[in-house]
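First the structure, in the form of structure tokens, and then the observations on it.
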Amino acid sequence: MNLFDIVGPVMVGPSSSHTAGAVKIGLVARTLLGEDVAKAEILFHGSFLATGKGHGTDKAIVAGLLGYTPDDKRIPNSLELAKQAGVSCVFGSIDLGDAHPNTVKLHLVGVSGKMMDMMAASVGGGRISVSEIDGMTAHFSAEYPTLIVRNEDKPGLVANVTALLQEYQINIATMQLYRSGRGDQAVMVIECDEQVPDCVAVALKQLDGVRDLTYYPG
């Protein structure tokens, strides 16, 4: 346990889970999209849906999508600021079954037309857990530099990816592997102890079998 587990994050209130965590979810989604957000469909589940509006969760998510951090004083005005910036935000509800009660599903469209879906939960104290990206399972905390590698499910590819990281002395903190089916689409979620240089990301994208790569700097 560290100090932030006791006192919570530096933030604009009122809630570390419904406000600070929600801002971080929006910010992570914007980062993974890789460009400014033009349109956002924001679907709330569970407690986010039931009590989120009173805690400003809608404003917090949009603030993150605009690139604000949890301590940004513009958070209470984020809906108006998004409208002024031409960012279209539509809110709705979704039943995700036994998912964490503070879960939101986002469908984003960037200024270039690039699209991304992300599902994440605010798990307390400003911490989050991303559980899905573009329909593929991808559990990570966004507290470490993280590589999300979309790839073909083929022998040797995991070894090639880890060998390249070893070559550049990048230590792996955690690594998770998911696939939609044998020989089909797969995802590697790799949390690293060090920042991943651009040259390494480029080299990873060039590996045979890698379809796409997203990097979150942490």
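The values are calculated or read from the model by the stated rules, or taken from the named source; none is laboratory data. Here the structure is a predicted model, which is why all the values come from computation and not from measurement. Glycine also receives a Cβ, built like all others from the backbone with ideal geometry; neighbour counts cover every protein chain displayed. In case anyone asks, the SASA skips ligands and DNA or RNA and just uses the protein heavy atoms, side chains included. Shrake-Rupley method; radii C 1.70, N 1.55, O 1.52, S 1.80 Å.
The figures follow:
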read-out	value
Count of residues meeting criterion [assigned to a loop (DSSP other than H, G, I, E, B) and either among the basic types (Lys, Arg) or over 12 Å from ILE25 (Cα atoms) (or both)] in region 97-127	10
Candidates ALA163, ALA201, filtered to the one that is within 21 Å of MET115 (Cα to Cα) and not hydroxyl-bearing (Ser, Thr, Tyr)	ALA201
Residue list for region 175-197, filter: among the charged types (D, E, K, R) and within 12 Å of LEU165 (Cα to Cα)	GLU191, ASP193, GLU194
Only one of ALA82, ALA99, ALA60 that is at pLDDT 90 or above, within 23 Å of ILE148 (Cβ to Cβ) and open to solvent by less than 40 Å² (accessible area, probe 1.4 Å)	ALA99
Qualifying residue in region 172-193 (condition: touching a Phe, Trp or Tyr at 6+ places or on another chain (Cβ under 9 Å), surrounded by fewer than 16 Cβ atoms within 10 Å (Cβ to Cβ), part of a loop (DSSP other than H, G, I, E, B) and in contact (Cβ under 8 Å) with a residue 40 or more places away in the chain)	yes
Output for region 41-91, where each listed residue is without any contact (Cβ under 8 Å) to a residue 60 or more places away in the chain, among the aromatic types (Phe, Trp, Tyr) and closer than 19 Å to GLY125 by Cα	TYR68
When residues of region 203-218 are limited to those that are outside any strand (DSSP E or B) and of a type in the set (A, V, I, L, M), the one farthest from THR146 (Cα to Cα)	LEU207
Every residue from region 110-131 that is closer than 18 Å to ASP212 by Cα and surrounded by fewer than 18 Cβ atoms within 10 Å (Cβ to Cβ)	GLY110, SER112, GLY113, LYS114, MET115, ASP117
Residue identified as out of contact with any Cys (no Cβ under 8 Å at 6 or more places or on another chain), buried (at least 16 other Cβ atoms within 10 Å of the Cβ), assigned to a helix (DSSP H, G or I) and without any contact (Cβ under 8 Å) to a residue 40 or more places away in the chain among VAL200, VAL161	VAL200
Number of the exception - PHE48 against (1) crowded, with 22+ Cβ neighbours inside 10 Å; (2) more than 21 Å from SER129 (Cβ to Cβ); (3) modelled with pLDDT under 90; (4) among the hydrophobic types (A, V, I, L, M, F, W, C)	(2)
Residue match in region 128-151 (condition: within 13 Å of VAL37 (Cα to Cα) and assigned to a loop (DSSP other than H, G, I, E, B))	no
Failed condition for TYR168, given (1) farther than 17 Å from GLY64 by Cα; (2) open to solvent by less than 60 Å² (accessible area, probe 1.4 Å); (3) in contact with a Pro (Cβ under 9 Å, 6 or more places away or on another chain)	(2)
